[in-house]
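Notes for the one structure printed next.
The values are calculated or read from the model by the stated rules, or taken from the named source; none is laboratory data. Source: prediction; values computed, not measured. Cβ atoms come from the backbone with ideal geometry, glycine included; neighbour counts cover every protein chain shown. Note: areas computed on protein heavy atoms with side chains; ligands, DNA, RNA excluded. Shrake-Rupley method; radii C 1.70, N 1.55, O 1.52, S 1.80 Å.
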Amino acid sequence: MVVEMKKTFTIKLLFTVVLFLVLSPNALSQFNDYTAKLGIQGNIILPDTEFDKDLKPSDASYKFSGLGRAFVRFEFFTEVVETEIGAGFGRLAGVDRNSNNWWTYIIPLDVRFILSPFEMDVWNPYIYGGAGAMYFNNDKQPSLPSPKPVKQKAWTGIFPVGGGFEIGLSDAIALDINGGYTFTLSDDLNGYNNKDDGGNNDGYYYAGLGLIFVSGSGASDKDGDGLTKREEKELGTDPNNPDTDGDRLQDGEEVRTILTDPLNTDTDADKLSDGEEVLNLKTDPNKSDTDGDGLTDGEEVNTHKTDPLKVDTDGDNLSDGDEITKYKTNPLLDDSDGDTLKDGAEVTVHKTDPNNIDTDAEGLKDGEEVNMYRTNPLKPDTDEGTVDDFTEVNRGTNPLNPDDDVVKMDVPIVLEGITFETGKSDITPESEMVLQGALQTMTTYQDIIVEISGHTDNVGSNSSNQVLSQKRADSVRFWLIQKGVSPDRIIAKGYGEEFPRVPNDTADNKRMNRRIEFKRIK
């Protein structure tokens, strides 16, 4: 009764331990992809001989005995198939037909091929088959005489088959539970041989419990990506794929060197794959805006075509981000509006509109105003003389001088240097330069009408001086008409000696009074 209670308690305890190990979430043993496994087993064996079949006692009872075994396993070309080499020592015992005990010492040596096709984290089922040799010594012979001669000590061939499963206790230790049957080529194990009378060879059943110590568990790198299988399991990457996320960077390279996420094609979420950033663009795959210009690398490459490694792609002293988001200029052109001023100079120096070739809309480009005419590109009329810069430039007046914007009314200008033959109205050649100035004024100010006034000194009669002054004024008018000035814009009038500039009391004063004046009348 006590023995039966002990057996029941032992079975319940073993079942509880196995169930706990199967359900344990911390079981992380490496069942596949390892360097080597070393194991020890304790087996309960049950004979399968004539005394357990045809010649069993009338009150037959099972006779269990034990077998200790050690083995080494390693993978055979693939993770699915393992090779195991083992050796054991035990005693096979039974009861003959006369209820007398017999036993045989056995030393089995075998090679087993184990098939474990499943990738499981906690437990690993398998089946196996193998072959080997076994030495036996029938130390206690049965009382029943053998019909055939019996070998007491000999070697025989064996063929173990069976199955089992491993349960992970840690990442380097597993519990091994297995069972099976061993076929032999001998009918002498129980000291009784009746093979020629229709009997079969002897064999035995076994069930074992053991511990397996795993070497190199999780330390292999099957896909060659620089990460061990254990590391890949922790990271969640695929140990059979060197590039889990398909970004052209190996998982190990991402984890150890580049520090990107091997599970994410685009670590910094800039719309560029990590591989493209590292291998092609040389941008930082951990930073969405490598050059810090306010645009993501993906926007620069795919949308704006700017350089994601340069804050200012076109070199105009404006960042690409400011050009796109703030100024709406072209980050690929240093002069967006084509006015010969760089966008940066327009924004920061001249305060002009980098998208408008003529900020003040007076007809001159901003670049022309700044570089050629030195006018203010923000003011249509730089000198504030009532005529815009464009008109002044095109008519030849100075846009920086308000005095020449408009010819003053009723203010005569003496055309110094115009001379005539004495007592005549013929213009001398040396007067050409002064006349060219008058012509320029008429050409510049297209809307004015002028009076050409002739004046003389007091030498001669008043009437003759009047006629002479008129002829000289007419000569100047005709010269201007010949040069293209409309006759309607020029009136010639002689005043004789009526309006002297100075008293006619000296020769110099008389020379000053002999003059041609230029006066706007409309």
Q. Looking at segment 149-195, which of the residues that are open to solvent by 60 Å² or more (accessible area, probe 1.4 Å) and more than 22 Å from ARG73 (Cα to Cα) is farthest from the chain's Cα centre (by Cα)?
A. PRO149
Q) Can you tell me how many residues in segment 237-262 are under 19 Å from SER273 (Cβ atoms), part of a loop (DSSP other than H, G, I, E, B) and open to solvent by 20 Å² or more (accessible area, probe 1.4 Å)? A) 11
Q: Would you mind finding the one in ILE449, ILE413, ILE427 that is loosely packed, with under 15 Cβ neighbours inside 10 Å and hydrophobic (A, V, I, L, M, F, W, C)?
A: ILE449
Q: Go through segment 111-148 and count every residue that is in contact (Cβ under 8 Å) with a residue 60 or more places away in the chain, touching an Asp or Glu at 6+ places or on another chain (Cβ under 8 Å) and closer than 28 Å to GLY163 by Cα.
A: 3
Q | Residue among ASP353, ASP343, ASP339, ASP334 that alone is touching a helix residue (DSSP H, G or I) at 6+ places or on another chain (Cβ under 8 Å), open to solvent by 60 Å² or more (accessible area, probe 1.4 Å) and either farther than 17 Å from THR283 by Cα or not charged (D, E, K, R) (or both) | A | ASP353
Q.
Return the residues of segment 263-282 that are part of a loop (DSSP other than H, G, I, E, B) and open to solvent by 10 Å² or more (accessible area, probe 1.4 Å); say none if nothing qualifies.
A. LEU263, ASN264, THR265, ASP266, THR267, ASP268, ALA269, LYS271, SER273, LYS282
Q: Identify all residues within segment 360-394 that are part of a loop (DSSP other than H, G, I, E, B), open to solvent by 40 Å² or more (accessible area, probe 1.4 Å) and under 26 Å from LYS326 (Cβ atoms); write none if there are none.
A: ALA361, LYS365, ASN376, LEU378, LYS379
**Q.** Where a residue in segment 53-66 is closer than 17 Å to LEU144 by Cα and its partner, wherever it lies, is part of a loop (DSSP other than H, G, I, E, B) and of a type in the set (Phe, Trp, Tyr), with Cβ under 9 Å and at least six apart
**A.** LEU55/TYR192
Q) Is one or more of the residues making up segment 224-233 touching a Leu at 6+ places or on another chain (Cβ under 9 Å), in contact (Cβ under 8 Å) with a residue 60 or more places away in the chain and either part of a loop (DSSP other than H, G, I, E, B) or of a type in the set (Ser, Thr, Tyr) (or both)? A) no
Q: Output the qualifying pairs, or none if there are none: Cβ atoms under 8 angstrom, residues six or more apart or on different chains, first residue in segment 179-203 and farther than 25 Å from GLY68 by Cβ and touching a residue at least 12 places away in the same chain (Cβ under 8 Å), second residue open to solvent by 20 Å² or more (accessible area, probe 1.4 Å) and small (Gly, Ala, Ser).
A: TYR192/SER146; ASN193/SER146; ASN194/SER146
Q.
Six or more apart or on different chains, Cβ atoms under 8 Å: show the pairs whose first residue is in segment 259-280 and touching a residue at least 60 places away in the same chain (Cβ under 8 Å) and whose second is among the aliphatic types (A, V, I, L, M) and open to solvent by 10 Å² or more (accessible area, probe 1.4 Å).
A. none
Q | Residue list for segment 94-142, filter: over 54 Å from the mean Cα position of the chain (by Cα), part of a loop (DSSP other than H, G, I, E, B) and surrounded by fewer than 17 Cβ atoms within 10 Å (Cβ to Cβ) | A | ASN98, SER99, ASN100
